[in-house]
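Worksheet: one structure, shown below.
The values are calculated or read from the model by the stated rules, or taken from the named source; none is laboratory data. These numbers come from a predicted model, not from an experiment. Note that each Cβ is placed from the backbone with ideal geometry, even for glycine, and that neighbours are counted across all protein chains shown.
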């Protein structure tokens, strides 16, 4: 039996550390200026500086945000008591991790390597160098997702039996030039967030059926995905992802529908609609016994608040204020295993139809 539903009581943020460590950022790409730095400033988290091989790019971003551009990796590594924020392309993670001081704390931009082999290398490096690292699957920490998890934990939806992710929108892939030529794009770089959230809510699936493809209008490797996650006979879990619905805003969508045995939830992921400007996130819940749908007043958005909440858990884990590092590399590896399974499924032939019997 769930307690009385009050949308204003749902958790939407992560407690801040009383003694935050300085953050050293590797990478000066658009995600740093669009999300990391705004989030850390909003949360009053100290940023020690930025390093990027492109010193001019790092310098311009550092000047914009009132921080330091490190002259070298070595200078960045020497920041005492730092948390290292690797906002770098996946292929660069392992090389940086191998140089970090042993016993460091780090946050790795998703994905955790370009494939499962690289994810395994990263996991081994973190284990052998005693690096306590989390993967930046920050959607778990978005205010709407924290509130949803709180509602589920308090029994307001009952047992979860349906999860639908539906995207029909136009994504500006050109904002991320490092994606050009990569063989894996849509699942590895985008839908990985949704697969990670699903794992967080439902656990590991038994398997996955997936097909991911590109589009004849461009050369991006994949931009459209259909996937079914197998959770046995009680849960239906489906993703329909189309980044090429470029016909105006009217019928675009970026939303989750989550149904339980006693209630349901609807989420609009606003940032993906007209990215990076985006639209407001939305969370609606029809709770057990509440009668009608209720709009949950949100105290922030996926971008940038989830980035601050993600870092807050890592900061608190480093200081001993949190016992658990959520989304650690151990857990992130399992999301990467699900991504790998989806690509393997896509590469394999579907079940063929039977031939028409001869007369």
Of all the helices (runs of 4 or more DSSP H) wholly in the stretch 15-104, which have at least 1 residues that are under 28 Å from residue 172 (Cα atoms)?
37-42, 55-65, 93-97
Only one of 334, 315 is at pLDDT 95 or above, within 20 Å of residue 110 (Cα to Cα), assigned to a helix (DSSP H, G or I) and touching a strand residue (DSSP E or B) at 6+ places or on another chain (Cβ under 7 Å). Can you tell me which?
315
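Could you please find all residues in the stretch 236-254 being closer than 24 Å to residue 140 by Cβ and surrounded by fewer than 17 Cβ atoms within 10 Å (Cβ to Cβ)?
Initial filter on the stretch 236-254 (closer than 24 Å to residue 140 by Cβ): 236-243, 253-254.
Matches in the stretch 236-254: 236, 238, 240, 253.
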I'd like to verify a number: residues in the stretch 13-31 that are buried (at least 22 other Cβ atoms within 10 Å of the Cβ) and either closer than 27 Å to residue 283 by Cβ or without any contact (Cβ under 8 Å) to a residue 12 or more places away in the chain (or both), how many?
1
Filter the stretch 186-208 down to the residues that are in contact with a strand residue (DSSP E or B) (Cβ under 6 Å, 6 or more places away or on another chain) and not in a helix (DSSP H, G or I) and list them by number.
205, 206, 207, 208
Filter pass, residue 167 being touching a residue at least 12 places away in the same chain (Cβ under 8 Å), buried (at least 19 other Cβ atoms within 10 Å of the Cβ), outside the structural domain of residue 317 (by TED's automatic domain parsing) and touching a strand residue (DSSP E or B) at 6+ places or on another chain (Cβ under 9 Å)
yes
Mind counting the residues in the stretch 147-164 that are surrounded by fewer than 22 Cβ atoms within 10 Å (Cβ to Cβ), touching a residue at least 12 places away in the same chain (Cβ under 8 Å) and in a helix (DSSP H, G or I)?
3
Filter result (surrounded by 16 or more Cβ atoms within 10 Å (Cβ to Cβ) and within 12 Å of residue 338 (Cβ to Cβ)) within the stretch 210-230
210, 227, 229
Filter the stretch 283-300 down to the residues that are assigned to a strand (DSSP E or B) and touching a helix residue (DSSP H, G or I) at 6+ places or on another chain (Cβ under 7 Å), then identify the one that is nearest to residue 247 (Cα to Cα).
283
Taking residue 329, is it touching a strand residue (DSSP E or B) at 6+ places or on another chain (Cβ under 6 Å) and not assigned by TED's automatic domain parsing to the domain that holds residue 237?
yes
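I'd like to check something: does the stretch 43-53 contain any residue that is at pLDDT 95 or above, closer than 30 Å to residue 147 by Cβ and surrounded by fewer than 16 Cβ atoms within 10 Å (Cβ to Cβ)?
yes
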Would you confirm whether any residue within the stretch 83-102 is surrounded by 22 or more Cβ atoms within 10 Å (Cβ to Cβ) and on the phi > 0 side of the Ramachandran plot?
no
